[in-house]
1. For residues that are over 30 Å from Leu233 (Cα atoms) and among the polar types (S, T, N, Q), scanning just the range 373-414, find the one that is surrounded by the fewest Cβ atoms within 10 Å (Cβ to Cβ).
2. Run Ala204 past the list (1) under 30 Å from Phe309 (Cα atoms); (2) surrounded by 13 or more Cβ atoms within 10 Å (Cβ to Cβ); (3) modelled with pLDDT of 90 or more and report the number of the one that doesn't hold.
3. For the range 48-57, does any single residue satisfy the condition of being buried (at least 24 other Cβ atoms within 10 Å of the Cβ), among the β-branched types (Val, Ile, Thr) and in a loop (DSSP other than H, G, I, E, B)?
4. Pairs needed: first member in the range 417-437, more than 16 Å from Ser385 (Cα to Cα); second member anywhere, among the polar types (S, T, N, Q); C-beta distance under 6 Å; at least 6 residues apart or different chains.
5. Report yes if Phe269 is surrounded by fewer than 21 Cβ atoms within 10 Å (Cβ to Cβ) and closer than 15 Å to Cys52 by Cβ, otherwise no.
6. When the residues of the range 415-442 are filtered to those that are at pLDDT 90 or above and among the aliphatic types (A, V, I, L, M), which remaining residue is farthest from Val393 (Cα to Cα)?
7. Filter the strands (runs of 3 or more DSSP E) completely within the range 363-478 down to those with at least 3 residues that are under 41 Å from the mean Cα position of the chain (by Cα) and under 30 Å from Pro117 (Cβ atoms).
8. Give me the helices (runs of 4 or more DSSP H) completely within the range 117-216, filtered to those with at least 3 residues that are under 16 Å from Ala314 (Cβ atoms) and in the same structural domain as Cys264 (by TED's automatic domain parsing), ordered by residue number.
Amino acid sequence: MNAQTIRDEWFSNTKGDILSGMTVALALIPEAIAFSIIAGVDPMVGLYASFCIAVVISIAGGRPGMISAATGSMALVMVVLVRDFGLEYLLAATILTGILQFGLGLLKVGRFISFIPYSVVLGFVNSLAILIFLAQIPFLIGGSIAVYAMAAATIAIIYILPRYTRAIPAPLIAIVVMTAIAIGMGLTVLSVGDLGTITRTLPAFHLPVVPISIETLLIILPYSATLVIIGLLESLLTASIIDEMTDTRSNKDREVRGQGIANCVAGFFGGMAGCAMIGQSVINVTSGGRGRLSSMVAGVFLMILIIVFGDLVAQIPMAALVGVMITVAVGTFEWQSMKDLAKIPKSDAFVMLATIAIVVYTNDLAKGVLTGVVLAALAMAWKMSVISVSGNVREDGVKLYTVHGQLFFGTMRAFIDLFDYSGDPDKIEIDFGNSHIWDHSAVEAITRVIDKYQREEKSVYVIGLDSESQKTLDKGFS
């Protein structure tokens, strides 16, 4: 990495990155605590994980400006492991997750994100927006008038303030103002400290206390494998979304390796596995964060808040953070995709809606995305499996067949049955100008058609092949 790249990625947007990173740190605290509670571990496990992952990924990751930390999707996988085997096995599983992710990064699996259809990406984004919104509801149900007023005021500040100044991120100002009001007026509202005890200590290096054996490996491997899949799917999809928001490109393979390194470090310092967070990443970008410094600041400021200002942080009203996350949910949702439902192909609309439904119903991003990919692949296979020919006899007595559709193993049988072998004239031309020959099955299909005509003592000429189809045919006949 040369000096210019370092300047561009770290110091080209210093003020914006520092302020946005501080905003993200405030939003990370309650979520890290909540995710720890979901996983069944001490709140500091999630906080330590968020610190370690955010700092390490700022250096090792492939998407500047993207925020990674402890996440709810990963926490859900850990529940059973923690319940049945305890924290030490969770730490071991986190380290194994990192090792597996780093290995996949070396194998350059990041390129496979391009195989996820856009309809699935839209479903992923919209379902995450819905989940982010739904996660805020419990903090509002049964709340006092003060809670609703603070949440509404936070939303108002975030939307109105940027019209007058963007010097400081609006979410950061909203959180500070709402906290000052809550403390100054002595309001009795749910605060960050009510979610769990914050211990004002730095993370320390710790080797998981588990037996080093095949039995241990067999216990943690299924959980680690699931964490790897969820973590990479969420991280790579989030990276793609941030790419679009910032009109820049990320290094997906480096991101995979970086996620692996970050999870290894988190496991050795008492943290749970994590991955990219679309909500916090959107907060970061919309607050002005663009470079690696924003992620570094988010992690470091998170620890500063806990160690130095732990008592003050504990008094941040959850209503303010709920307001921030509601604006994130609204901003994340692709509203245009709903308006375009009637315009896009029905199969794409179905895939997007199915992805949203499965993710929201199961609260599992991996299940939704994988199901969406399978549905999209089946829809594409269905479209490609349709093949037809149109035939007419020219003035010179030659019958010309024009092929429509793709010729491959899925259309081989149908293609062979499309011709009138006994009723056709002595000369036949088969035009592939509107088709493509994909595989050996396609070559075999053409061979059988030619053989059938030759048994009728008729001549067949194949025309209109593109260069790739011609090469495939030539190899098959050689």
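1. We begin by selecting, within the range 373-414, every residue over 30 Å from Leu233 (Cα atoms); these are 386-409, 411-414.
Those left that are additionally among the polar types (S, T, N, Q): 388, 390, 392, 402, 406, 411.
Working: Ser388: 13, Ser390: 12, Asn392: 9, Thr402: 18, Gln406: 18, Thr411: 23.
The residue in question is Asn392.
2. (2) is the only condition that Ala204 fails.
3. No, that holds for no residue.
4. Lys427/Ser459; Asp431/Thr402
5. Details: surrounded by fewer than 21 Cβ atoms within 10 Å (Cβ to Cβ): yes; closer than 15 Å to Cys52 by Cβ: yes.
When the stated conditions are applied, Phe269 passes them.
6. Going through the qualifying residues, I end up with Ile416.
7. Working: elements: 388-393, 399-407, 427-431, 435-437, 459-463.
The strands (runs of 3 or more DSSP E) meeting that bar are 399-407, 435-437.
8. Values: elements: 118-140, 145-160, 170-185.
The qualifying helices (runs of 4 or more DSSP H) are 170-185.
The values are calculated or read from the model by the stated rules, or taken from the named source; none is laboratory data. Nothing here was measured: the structure is a model prediction, and the numbers come from that model. Every residue, glycine as well, gets a Cβ built from its backbone with ideal geometry; the counts of neighbours run over all protein chains shown.
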